[in-house]
Structure formats: structure tokens, C-alpha cells
Amino acid sequence: MAKGSVAFDETYCKGCALCIQFCAKGVIELDTKRLTPKGYHPAVAVNNDECTGCENCSLMCPDSAITVFKE
């Protein structure tokens with residue numbers, strides 16, 4: 001199976017959770033314990049080992065806050 005990982009630019013993430021809805025592997029969650037300088041709960045990778053690098057999260061992000069790395 002393909003492997004990948006995701007990284008988030010919190011400067012742009014507004015916590016809309018679209019990436020979470022489109023991640024088939026449940027790799028992404030909102031960090032409800034932190035706020036960005038703009039006042040949003042940022043998306044974070046909670047299980048990067050399960051990421052397949054499909055890029056669905058990145059394609060759905062309206063703010064281009066996600067970078068997908070493929071191995």
C-alpha cells in the first residue's frame with residue numbers, strides 16, 4: 001500500500017474540518033486544546049502512519065493549508 005504523510009500550515013488553516021471528512025483513513029483531527037493566532041482550532045495529523053498519500057485532504061482544503069508528502 002502507498003505511504004504518505006500530511007503537514008498543516010496553521011497560518012492558513014481555519015479549522016473547517018473538510019480535510020477530516022475526506023480522509024478515508026482517519027488520519028486528521030482538529031486540535032481542540034489549541035487555537036491558532038486567528039482563533040481557530042487547527043487540523044493535526046494524529047496517525048500519520050495510516051496515511052496513504054491520496055491527497056484528498058489537500059484537494060478539499062479551501063485554503064491550501066495542507067501539504068501531502070508521498071514516500
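The values are calculated or read from the model by the stated rules, or taken from the named source; none is laboratory data. Worth saying up front: this structure is predicted, and the values here are computed from it rather than measured. Please note: Cβ atoms are built from the backbone with ideal geometry, for glycine as well, and neighbour counts cover all protein chains shown. Keep in mind that these areas ignore ligands, DNA and RNA; they rest on the heavy atoms of the full protein, side chains included. Shrake-Rupley method; radii C 1.70, N 1.55, O 1.52, S 1.80 Å.
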Candidate set: the range 15-39, residues that are at positive phi and not aliphatic (A, V, I, L, M); chosen: the one least open to solvent (accessible area, probe 1.4 Å): Gly15
Pairs with Cβ under 6 Å, 6+ apart, first in the range 1-24 and in contact (Cβ under 8 Å) with a residue 60 or more places away in the chain, second in a helix (DSSP H, G or I): Ser5/Asn48
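Anything in the range 55-64 that is loosely packed, with under 15 Cβ neighbours inside 10 Å and either part of a helix (DSSP H, G or I) or within 9 Å of the chain's Cα centre (by Cα) (or both)? List them, or say none.
Let us first name the residues in the range 55-64 that are loosely packed, with under 15 Cβ neighbours inside 10 Å, namely 59, 62-64.
Leu59, the sole residue that qualifies.
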Hits in the range 17-54 - residues which are under 16 Å from Thr67 (Cα atoms) and part of a loop (DSSP other than H, G, I, E, B): Ala17, Cys23, Val27, Pro42, Val46, Asn47, Cys51, Thr52, Gly53, Cys54
Top-ranked residue of the range 28-71 - restricted to ones that are polar (S, T, N, Q) and without any contact (Cβ under 8 Å) to a residue 60 or more places away in the chain, ranked as farthest from Ala2 (Cα to Cα): Thr36
Residue that is most open to solvent (accessible area, probe 1.4 Å), among those in the range 1-14 that are among the small types (Gly, Ala, Ser) and in contact with an Asp or Glu (Cβ under 9 Å, 6 or more places away or on another chain): Ala2
Checking Pro42 against (1) open to solvent by 30 Å² or more (accessible area, probe 1.4 Å); (2) modelled with pLDDT of 95 or more; (3) not hydrophobic (A, V, I, L, M, F, W, C), the condition it does not meet: (1)
Top-ranked residue in the range 1-13 [being modelled with pLDDT of 95 or more and either outside any strand (DSSP E or B) or among the acidic types (Asp, Glu) (or both); ranked as farthest from the chain's Cα centre (by Cα)]: Tyr12
